[in-house]
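The values are calculated or read from the model by the stated rules, or taken from the named source; none is laboratory data. Bear in mind that the values here come from a model prediction, so they are computed numbers and not experimental data. Heads up, the Cβs are rebuilt from the backbone with ideal geometry, glycines too, and the neighbour counts pull from every protein chain shown. Surface accessibility is based on the protein's heavy atoms, side chains included, excluding ligands, DNA and RNA. Shrake-Rupley method; radii C 1.70, N 1.55, O 1.52, S 1.80 Å.
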Amino acid sequence: MPQETDIHGSAAAAYFRGNDMAKQHKIKQGISLYSLQEEYFLRKLDLEGCIATSAKLGAFGIESIGEQMMPGFPHLSESFYAKWHEWMLQYGTVPTCHDMFLDTKRYKGRLLTDDEMVQSIKTDLQHAAKLGCTVMRVLVSVKPEIVERCIPYAEECNVKMGLEIHSPFHFDHPWIMRYTEMIERTGTTHVGYIPDMGIYVKHFPRVMRDHALRHGGSEKIIDFACAAYEERVLPEYIIFDVGLMGGNEVDRRFAESLRHIIWSNPRRMLEFMPRIYHIHAKFYEMVDDNHEFSIPYDEIIPVLIEGGYEGYLSSEYEGNRWIQDSYPVDSVEQVRRQHVMFKGLLEQH
Amino acid sequence: MFDKYMIVEEGFRNVSENGRIVGFQVNTRLPYYRGLGVSMVEDLSLSVDGEKFPSELVTIVLRGRPMSLNEMETDYNERWEFGEIGTVIIRKNGGLTPESHKIDLTDRLRISYLPFPLIGHDTKELVLE
């Protein structure tokens, strides 16, 4: 084949493919109100204020946590739900996802029985439906056999259950594979995934490093551990080395925390894309309007576009807990920046 | 998380009953990112100027409803909501002296998805109102 006609794989082909994608992708911008927890906790924003703020930032898909910002959950009045739908109309927002929890340890000394767990999740599904959500986040710790038992209720409520793939789990972790096996065996259309982008921590979050230093970590050891993370050294080895270096309690706990932070390949999402219902767009620190310190959205968003993802990028700001001891937290500004970045990346691809 | 907001700066004062000072109170929040059923608040231990108060002297008041830690353990309906201010009352005859005191508060919460209890801790120096 003459070289000039072979554009497959060339920069020109990528350019044209890129243009096609710009016309085709249907990724939408949203927020988990989890992001605004600091402001809500301190009563600087109420639920309505969080929704209004999100709309102003261009995050029109609203994910909510009943137990966080809906006092009295799960016993909410009809007038609450009516108000919720009024707000959605008023601010031009759309309910996306309800985040469930499962208090298996509600009773001291015994775990909930399987029947009690199913009942609790059923209540969550009903709440999600009343909010108008199409998706419910399932906590990663819930056993797959319990979720399987909930499938009929999810169908009844018309709410899809998305297992949160949360660090240190990832798509190929044996616990997640049990879910995938269940999904494939049952052929259900109501169980899938909500990957949390915290499984793509390419660079160790600076806010966590600085937090450890403020609380008595030794600079030399903390930086050693961070450098080892960059080299993808097994956490178990880093923990051992920190012990040998004579690390103090803070250093040791910092090294142990590396067990919970992972980098994996965003392209693994492609295989699972038809069952990815929602994305938790985790972030720790937007350093400016264009990039997050540790999670490479410029590598993630092209994968979502390539896979034909049509759901929301739901902001999940989690930097507050790492800075609140010493700095004022401005979650609204952090979310604003992330959405400026999303807009740019979504337009560019 | 939220540890530094556990002890609320306002509302630290003595408590009277029938004209006698029978204790003191401190306003507090839970160090967690969602509300929690009170049965999962395993412990709330408070000391003032190094003096510890055993749990039987502790009463928690949520929305006007007083509960002992024991009562909370078996109450499966009441919730301590996210960011909600609850009042901790400690029985202590004569209360505290009207000056600055060092308050130390540790909460232990039973979080279902964590294998270990969540511990929150805050210390503040407050002047009795």
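How high is the relative contact order of chain A? Use alpha-carbon pairs under 8 Å, at least six apart in sequence, and give a whole percent.
21
In Å², nearest 100, what accessible area do chains A and B bury in total when the solvent probe is 1.4 Å?
Chains A and B together bury approximately 2500 Å².
Given axes a ≥ b ≥ c from the Cα gyration tensor, I'd like to know whether the stretch A:247-349 is rounded (a/c under 1.5), prolate (a/b larger than b/c) or oblate.
Cα axes put the stretch A:247-349 in the oblate bin.
Work out the mean other chain Cβ neighbour count within 10 Å for the residues of B:34-41 and drop it here as an integer.
Averaged over the peptide's residues, the number is 5.
From the square roots a ≥ b ≥ c of the eigenvalues of the alpha-carbon gyration tensor of the stretch A:148-252, which class results: rounded (a/c under 1.5), prolate (a/b over b/c), or oblate?
It is prolate, given that a/c is not under 1.5 and a/b is the larger ratio.
Can you give me the Cα centroid spacing of the stretch A:312-341 and the stretch A:40-119 in angstrom?
19
Restricting to chain A, what percent of DSSP beta bridges are antiparallel, rounded to 5?
Antiparallel bridges: around 5 percent, rounded to the nearest 5.
Between rounded, prolate and oblate, where does chain A land on the alpha carbon gyration tensor, with a ≥ b ≥ c its root eigenvalues, rounded for a/c under 1.5, else prolate if a/b exceeds b/c?
Judged from the Cα gyration tensor, chain A comes out rounded (a/c under 1.5).
What is the stretch A:96-238's relative contact order, in percent, from Cα pairs under 8 angstrom and six or more apart in sequence?
This gives 19 percent for the stretch A:96-238.
Roll a 1.4 Å probe over the protein heavy atoms and report the accessible area of A:Lys83 in Å², nearest 10.
90
Need one value: the accessible area of B:Thr123 in square angstrom, 1.4 angstrom probe, rounded to the nearest 10.
Ignoring ligands and nucleic acids, B:Thr123 comes out at about 50 Å².
Tell me, what % of the accessible area of chain B is carbon and sulfur with a 1.4 angstrom probe?
The computed percentage sits at 48.
Using protein chains only and a probe of 1.4 angstrom, how many square angstrom of B:Phe2 are accessible, to the nearest 10?
0
Run the numbers on the stretch B:3-124 and let me know its relative contact order in percent, using alpha-carbon pairs under 8 Å that are six or more apart.
Here the relative contact order equals 34 percent.
Just to make sure I understand: if all protein chains stay in place, what is the order of B:Val41, A:Val340 by accessible area at 1.4 Å, largest first?
So, going from the largest accessible area down, we get A:Val340, B:Val41.
Taking a probe of 1.4 Å, how large is the accessible area per residue of the stretch A:197-322, in Å²?
43
For each pair in A:Lys28/A:Lys83; B:Lys52/B:Lys92; A:Lys105/B:Lys52, compute the distance between the two Cα atoms and list the pairs where it is over 19 Å.
Table pairs above 19 Å Cα-Cα are A:Lys28/A:Lys83; A:Lys105/B:Lys52.
Need one number: nm distance between label points at A:Gln126 and B:Leu114, each 7 Å from Cα along Cα→Cβ, rounded to one decimal.
The answer from the label model is 3.1 nm.
Cα centroids of the stretch A:271-297 and the stretch B:1-66: how far apart, whole angstrom?
39
In the stretch A:76-118, what residues drop by 30 Å² or more in accessible surface going from the chain by itself to the full protein assembly, probe 1.4 Å?
Listed in order, they are A:Phe101, A:Asp103, A:Lys105, A:Arg106, A:Tyr107, A:Lys108.
For q = 0.13, 0.19 Å⁻¹, what log10 I(q)/I(0) does the stretch B:3-124 give under the Debye formula with an equal point scatterer on each alpha carbon and no solvent?
Log10 of I(q)/I(0), two decimals: -0.48, -1.04.
Mind checking Rg over Rh on the stretch A:90-202, alpha carbons, Kirkwood formula for Rh?
0.98
Probe radius 1.4 Å, ligands and nucleic acids left out: which of A:Leu57, B:Leu62 has the largest accessible area, and how do the rest follow?
A:Leu57, B:Leu62
Can you give the calculated 222 nm mean residue ellipticity of chain A, where each DSSP H run of n ≥ 4 adds -39,500 (n - 2.57) and the sum is split over every residue, rounded to the nearest 500 deg cm²/dmol?
Calculated at 222 nm, the ellipticity per residue is -14500 deg cm²/dmol.
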